[in-house]
Amino acid sequence: MRVGIATDHGGFALKEDLIRHLSEAGHEVIDVGAYSLSPGDDYPDFVIPLAQEVASGKVERGVAVCGSGVGASVCANKIPGVRAGLIHDHYSAQQGVEDDHMNILCMGGRVVGPAVARDLVDTFLAATFSQVDRHLRRLGKVASLEAQTAAR
């Protein structure tokens, strides 16, 4: 799978670990930055390009990391076509894809350790959208909201 990944300083070490892990698992990893540890950088500078890559289909899924994961999630969800979730547990990593067609997993580099992060990302990437009618209906409502917002 082609996977994009982005972080600011708050998740830099975790991003580097996840890149190695994903590459070893056979995924094509697109690193959107940060490319070096810089305490003054800002997550939108990296998360927005990642979200645009996901929304455009250039990558199939994305992983966004900041200190808590909250900022990355808020930022990613501003891009139409992105369904990002702040995930810190195994159940939500799977359910977010199966029910909500989540395409970006957000997590906190200061909240989740590397072993848990690897499990969450593996679970997220292995999950598939269920296509259940109620979930399709709900996603249609979200898409309608995006269209209304874009028309303003």
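The values are calculated or read from the model by the stated rules, or taken from the named source; none is laboratory data. Keep in mind that what you see is a predicted model, and the values were worked out from it rather than measured. Counting neighbours? That spans all protein chains shown, and the Cβs are built from the backbone with ideal geometry, glycine included. What goes into the accessible areas is simple: the full protein's heavy atoms, side chains included, and nothing from ligands, DNA or RNA. Shrake-Rupley method; radii C 1.70, N 1.55, O 1.52, S 1.80 Å.
Structure data summary
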item: Residue count, region 129-152 (criterion: of a type outside the set (S, T, N, Q), open to solvent by 50 Å² or more (accessible area, probe 1.4 Å) and closer than 17 Å to Gly96 by Cα); result: 9
item: Selection from region 32-54 of residues that are closer than 22 Å to His101 by Cα and open to solvent by 40 Å² or more (accessible area, probe 1.4 Å); result: Ile48, Pro49, Gln52, Glu53
item: Lone qualifier among Ile48, Ile5 - being modelled with pLDDT of 95 or more, out of contact with any strand residue (DSSP E or B) (no Cβ under 8 Å at 6 or more places or on another chain) and closer than 21 Å to Val82 by Cα; result: Ile48
item: Residue list for region 1-31, restricted to those being within 16 Å of Ala126 (Cα to Cα), open to solvent by less than 10 Å² (accessible area, probe 1.4 Å) and hydrophobic (A, V, I, L, M, F, W, C); result: Val3, Leu18, Leu22
item: Tally of residues being open to solvent by 30 Å² or more (accessible area, probe 1.4 Å) and in contact with a Cys (Cβ under 7 Å, 6 or more places away or on another chain) across region 55-108; result: 1
item: Qualifying residue in region 123-131 (condition: farther than 15 Å from Arg83 by Cα and in a helix (DSSP H, G or I)); result: yes
